[in-house]
Amino acid sequence: MLRIRNVWWIVALAALVLFPLIETNPTYTTIGIFTLIFMGCATSWNMFSGYSGYINLGSAVSYGVGAYTLTLLADHLHVPGNGDLFWLIPVGGLAAMIVAVPVGLVALRVRRHTFVVITIAIFFVFQLSATNFSFTGGTSGLQLPLIPWLETNYNKPFYFAALAITVFAALLSGAVRRSRFGLQLLAIRDDEDRAAGLGVKVFAVKLAGFTMSAFAVGMGGALYAVFLGQIYPQFVFDPIFDISIALMSIFGGLGTLTGPLLGALVLESMQQYLTIRFSNGSLYLIIFGALFLVVVLFMPQGIVVYLSDWRSRRSARRAEGARVVVGEAS
Amino acid sequence: MTILLSVDRVSKAFGGLQALTECSLFVEKGSIAGLIGPNGSGKTTLFNVITGYEKPDSGSVSFEGADITRLGPSNVFALGVGRTFQITRIFSRITVLENMLVATQRDEGWLRGLTRSKSSKSELVSAMEWLDFVGIDGLASQPAGSLSFGQRKLLELAYVLVADPDVILLDEPAGGVNLTLINEIANKIQTLNKGGKTFLIVEHNMEFVMNLCDRVTVMHQGTDLVSGTPSEIRNDPLVLDAYLGGSDDDDAEEAS
């Protein structure tokens with residue numbers, strides 16, 4: 001049985017698959033790639049932070065570790081500049097997961113605001129390390145082997161790799177939401193101590209969620225590295241990334257499946273478009289600010305929750321209206 | 001008689017405040033035990049120590065003969081010690097039914113949660129049965145945050161019961177609820193007790209405690225003052241002094 005909800009998912013996926021086949025202008029497919037990377041990362045981030053309420057503002061740690069792992073491995077293994085580089089992307093994700101374990105062991109000991117501050121602090125440790133260690137190339141960054149593809153088709157493999165990451169993140173996030181594990185994360189968000197008193201192994205659950213969410217973010221960073229062909233500490237360990245991912249999820253609807261997808265789709269594509277259209281890298285900040293004011297003031301739980309509330313209110317009103325009419329007739 | 005739960009000379013201090021001093025207590029299997037005492041006498045702290053939320057400075061807690069003093073809350077619960085809180089704590093942003101499901105597998109490893117769905121058929125059935133038992137099954141699909149105070153109390157009782165613990169610690173089950181509901185809760189406790197569940201109840205409502213409990217322990221200033229049957233407690237001069245009577249001594253304390 002095909003439910004209406006599933007039809008929407010299929011339509012959305014079809015649109016995303018068709019986009020680079022119809023729109024071949026590299027300017028726009030590049031926007032598509034960045035947007036998809038952010039959609040995947042935000043979805044994965046939300047799978048832990050949105051469900052558990054532990055707002056991680058150091059997700060760029062995973063992103064950067066993914067990017068550096070791929071770049072360093074490509075160098076050491078002498079991977080040539082072709083499609084082979086793509087096989088290293090999941091390895092970048094795995095490395096991000098491995099790094100997330102000790103980070104989580106430290107950060108997850110504290111809650112709420114303290115957790116947020118600790119994740120920011122850990123993020124800066126990583127950024128400083130990448131800037132100062134010699135194996136990371138310091139501030140001059142690292143280069144990847146050049147991929148000699150023609151410009152007209154260059155973007156396509158990247159676009160579909162980014163789409164694959166996003167689909168993977170969304171499927172995983174949906175599966176977690178339906179699992180007992182996901183329910184435990186939600187219980188931790190609402191009352192962690194009470195959850196522990198009902199048999200939830202809260203620390204193990206938190207650490208598992210934190211680690212799992214690093215995977216797709218690490219892959220996003222790794223893909224970003226291959227796409228640009230060079231990485232610098234300030235671009236892969238980027239505090240703006242930390243904030244963007246969180247804001248996209250909050251904008252769309254924290255803790256929902258579709259919220260981060262929608263938030264990233266709207267905000268990242270708009271940011272990229274505005275930057276190119278007006279060749280001004282900061283203009284988007286003004287529009288973002290205004291948008292966030294609107295969302296925070298009028299739909300504090302995000303667009304997705306606002307819309308579904310609005311729909312259920314409307315149908316409730318209709319049912320109410322129908323009853324009134326019936327009552328008058330009788 | 002078999003002792004199911006016992007607390008042996010437990011002490012606990014928070015900084016300079018001595019919350020518990022050599023407090024001892026036991027609960028017989030299949031009984032309803034009561035714990036009373038003035039505000040601040042350490043009842044809730046004792047609950048926290050038993051259920052693993054606080055670690056005592058000295059003394060021990062054992063359940064079915066095994067030492068559980070150092071176990072965390074999830075492990076204590078997994079062994080079969082359930083509790084409710086004085087200030088009712090539910091998961092407000094998930095549905096009532098989902099609240100129930102959080103507790104259904106009390107001793108399931110955390111890894112198992114990753115590979116299984118939110119609920120099995122049998123869990124759903126038993127969750128609905130317990131919601132029906134406390135009388136809020138009609139609210140199963142509502143977000144728990146929309147429940148009234150009394151309904152929250154019932155939900156908290158139901159989701160502890162769904163995990164089938166051997167002993168249930170109730171922290172003021174009759175606090176802040178109307179008389180009808182108090183009687184209803186008392187009836188539920190009696191029904192469950194007949195089914196073999198053991199209870200330890202903290203409560204200020206004297207009538208509730210005296211009618212329900214087989215044995216009552218009175219706490220005063222962090223230690224167990226006296227234990228006995230409700231009629232023994234009622235007539236004990238020490239208890240009258242510390243709690244029920246309000247003698248000159250009590251007035252002096254309030255003044256200080």
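So here's what we get for this one:
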quantity	calculated
B:Y53, sole failed condition from (1) surrounded by fewer than 20 Cβ atoms within 10 Å (Cβ to Cβ); (2) under 23 Å from A:V202 (Cβ atoms); (3) away from chain A (no Cβ under 14 Å)	(3)
Out of A:G209, A:G182, sole residue that is touching a residue at least 24 places away in the same chain (Cβ under 8 Å), surrounded by fewer than 24 Cβ atoms within 10 Å (Cβ to Cβ) and assigned to a helix (DSSP H, G or I)	A:G182
Residue check, A:L163 under 15 Å from the mean Cα position of the chain (by Cα) and outside any helix (DSSP H, G or I)	no
Some residue of the range B:75-95 being buried (at least 17 other Cβ atoms within 10 Å of the Cβ), more than 8 Å from every other protein chain (Cβ to nearest Cβ), more than 22 Å from the chain's Cα centre (by Cα) and assigned to a helix (DSSP H, G or I)	no
One residue from B:G145, B:G113 being at pLDDT below 85, within 12 Å of chain A (Cβ to nearest Cβ), closer than 19 Å to A:E192 by Cβ and part of a helix (DSSP H, G or I)	B:G113
Of all residues in the range A:170-201 being among the aliphatic types (A, V, I, L, M) and more than 7 Å from chain B (Cβ to nearest Cβ), the one that is farthest from A:R112 (Cα to Cα)	A:L171
One residue from B:G34, B:G40 being free of Cβ contacts under 8 Å to residues at least 60 places away in the same chain and either buried (at least 20 other Cβ atoms within 10 Å of the Cβ) or of a type outside the set (D, E, K, R) (or both)	B:G40
Qualifying positions in the range A:207-223 - out of contact with any helix residue (DSSP H, G or I) (no Cβ under 6 Å at 6 or more places or on another chain) and more than 8 Å from chain B (Cβ to nearest Cβ)	A:M212
Test: A:T136 is more than 24 Å from A:W45 (Cβ to Cβ) and of a type in the set (V, I, T)	no
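The values are calculated or read from the model by the stated rules, or taken from the named source; none is laboratory data. Note that this is a predicted model, so its numbers are computed, not measured. Cβ sites come from the backbone with ideal geometry, for glycine too, and all protein chains shown count toward neighbours.
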